[in-house]
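Notes follow the structure.
Read-outs throughout are calculated quantities, based only on the coordinates presented, and are distinct from any laboratory measurement. Not measured: the values here are computed from a predicted model. FYI the Cβ positions are ideal-geometry reconstructions off the backbone, even for glycines, and counts take in every protein chain you see.
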Amino acid sequence: MLKMHNIRKSFRTDTIETHALRDFSLEVKEGEFVSVTGPSGSGKTTFLNIAGLLEPSTDGQYLLDGEDVSNLNDRQRSHLRNEKIGFIFQGFNLIPDLNLFDNIDVPLRYRGFNAKERRKRIEKVLEQVGLSARARHLPAQLSGGQQQRIAIARALAGEPRFLLADEPTGNLDSLMARQVMELLEFVNEWGTTIVMVTHDPDLARRAQRNIQIVDGQVCDLRPVTEQSDAVSA
Amino acid sequence: MFEFKPILSTLWHHKASALLIALQLALTLVIVSNTLLIITDRMEKMARPSGMDIENILTVNFLAIPQDYDMAGAVRADLDMLRALPGVVDATHSHQIPLSGSGSANAFQTQPNQETGGEVANYYRTDPHFIESLGLALVTGRNFTETEMQVLAPNEQRQAPVIIVTRQLADKLFPGEDALGKPLYNGDSPMEIIGIVERHLGAWPEWSKAGNVVFFPALRTTQSMNYLVRTESGERDALFKLLADKLAERDSERVIEVNTLSNHMARSYAVDNMMVKVLSTVGAMLGFIVALGIVGLTSFWINQRTKQIGVRRALGATRTNISRYFLVENSLIAATGIALGAAAALIANQYLVRDYSQPVLTLLPLGICALVILLVSLGAALAPALRAANISPATATRSV
């Protein structure tokens, strides 16, 4: 599903070059639920941005769904993001002036679906996240957990192959965080590949595999169970 | 995909600032459309054909100092001398100077002793050389002859038996008829129309009846007299000083002032010219202020929505989608302002027509102004919209 080989991302100022990622290689298989952890400044967000085609890498090869996306132009990257990738952000990133229906509608409009198709998809995902009755409400009228469920609904409406979650429970209390995680696990069971960046080791353990990033490099690619065993021993 | 619905939803949540800009645009349209109308009206007025060879005409005004001055003799001698000067096409005397803002008018009727009706017209006392001296076009009939000339004492009231009129006056007094040979009256004596000139604006170009002009073959021997001297093309400035010198040389007992007809016209149109400049400046400044307002508001909204734009980009919006979003948003505000402004402009115009005799605002100038305001508005929003399109989709994942 996602294959990165020797990815490098560096930021250059007049005097200094900083490497956010270097010799970064990993593979995520279709249908996997992978968590990505690492200390602050390790390169998690840079990885997320490159994986989500939000910014290009400086060097290296990135294959998404078998297609080399390393050198696509901005328009091609936009179309690919819209068609294949769903995003879930820590701060939900719902558009405050639009009701829930219209928020979910945003990526569908960029996809070019007609009004009937969009309505069908929106109603379906609203039902899946259990918020059909709140379709005309504004984000501010919802709790944090409900807002994140709407963000998940927005990410799912385009039926992406691949879901990128950036600290999806970072702004939620433990009860709501658990509900959101259950929803993500449910989505993964339908076959959607999920890569979740998190600080929370408990959440990371719920993924099938955990990737640890330290100093811009992958340092641990073992399945979660093996990592847990190692900790116990 | 123009995203009208989400844009309208967003505007609804920011309706106060959107409405303020729309009202600013509306007010601008009201002012600019009515201003344009006044400017166009003034410019059309100034661009009216005068019927004269204005660029090649010199005017001479003199005041005789001696009380027993022989005006008839002086005029005869002066004109003979002027007509003989190289570079002079022809010269005539006149009791008034065209386009100078100073002249005489009277009412002319088609029936003797008619108390109502008729037309008020500016009139000249001049001679058979006036057509050639002013460069007028005689469209029908004939010129005066020397034998038809009347020399009048300063207070003598005597009707001329023959007159020449402008076509405008002839058409007003005899609509649908041939006015040639018909009499006009200013009392009981008939004045036969022997010739019709194509057009002449007369002494007051600002007058609502400018163009109603009658020419009499007469010379009234007052202390003051005017000459109108038409020169060959390009000779006017060279003859300017020579004329004054020659006239002073021939007779030094008078005060002579030489001028150009162009100067008289410029002085007559000075207020119109000033109004055109002032109103154009006001209109341009208004447009500029509106543009600044739109740049400010659009930039403010884009700064406010930087994260939101990043999210849209992350969700698949292309750069074109983003810039189009802001341009459509701006167009919707502009369209609201233009709709409000168009209605208000028409209402304001009714008031201007009724109380200030301004021209009626038609849909064409209103449409042109609306289009210009829309383009100014879009132009002002373009730079911020393009800037918004360059916001990175990675902004969506930034926590600050």
XL table A:Lys44/B:Lys307; A:Lys116/B:Lys5; B:Lys209/B:Lys246; A:Lys3/A:Lys84; A:Lys120/B:Lys307; Cα-Cα > 26 Å flagged, in table order, is B:Lys209/B:Lys246; A:Lys120/B:Lys307
Note on the range B:66-252: contact order normalised by length, alpha-carbon pairs under 8 Å, 6 or more apart, percent, works out to 33
Here the FRET efficiency for B:Leu20 versus A:Arg8, based on Cβ atoms and R0 = 45 Å and rounded to 0.05, is 0.35
Here the relative contact order (percent) of chain A, from C-alpha pairs under 8 Å and at least 6 apart, is 29
Mean per-residue count of partner chain Cβ within 10 Å for B:301-310 equals 2
The helix B:4-13 Cα axis meets the longest alpha-carbon principal axis of chain B at an angle in degrees, between 0 and 90 and rounded to 10, of 90
With Cα coordinates, the longest principal axis of chain B makes an angle with the long axis of helix B:15-47, in degrees rounded to 10, of 20
For the range A:5-48 the GluC sites (Glu not before Pro) that pass both the DSSP coil test and the at-most-13 other-Cβ-within-10 Å test are A:Glu30
For peptide A:70-81, the mean count of other chain Cβ atoms within 10 Å per residue Cβ is 3
Loop-resident trypsin sites (Lys or Arg not before Pro) in the range B:37-146 with no more than 15 other Cβ atoms inside 10 Å, DSSP not H/G/I/E/B, are B:Arg142
Other residues with Cβ under 15 Å from the Cβ of B:Ile7 give, with Lys and Arg +1 and Asp and Glu -1, a net charge of +1
So the angle from the long Cα axis of helix A:144-157 to the longest Cα principal axis of chain A, reported in degrees to the nearest 10, equals 90
Once Lys and Arg are counted +1 and Asp and Glu -1 for all other residues with Cβ under 15 Å from that of B:Ser17, the total becomes 0
Lys and Arg at +1, Asp and Glu at -1: neighbours of A:Asp202 with Cβ under 15 Å from its Cβ sum to -2
Cα-based Rg/(2.2 N^0.38 Å) for the range B:98-162, rounded to two decimals, is 1.29
The equivalent-ellipsoid semi-axes of the protein assembly as shown, taken as the square roots of five times the Cα gyration tensor eigenvalues and listed largest first in whole Å, are 91, 26, 17
Of all GluC sites (Glu not before Pro) in the range B:236-287, the ones in DSSP coil with at most 15 other Cβ atoms within 10 Å are B:Glu253
Of all DSSP beta bridges with both partners in the protein assembly as shown, the antiparallel percent, nearest 5, is 65
Relative contact order of chain B (C-alpha contacts under 8 Å, at least 6 apart) in percent is 27
A chain fully extended from B:Leu363 to B:Leu378 at 0.36 nm per residue, minus the present Cα-Cα distance, gains in nm 3.2 nm
Taking the square root of 5λ for each eigenvalue of the C-alpha gyration tensor of the range B:66-252, the equivalent ellipsoid has semi-axes, largest first and in whole angstrom, of 30, 19, 14
Here the percent of antiparallel bridges among DSSP beta bridges lying wholly in the range B:66-252, to the nearest 5, is 60
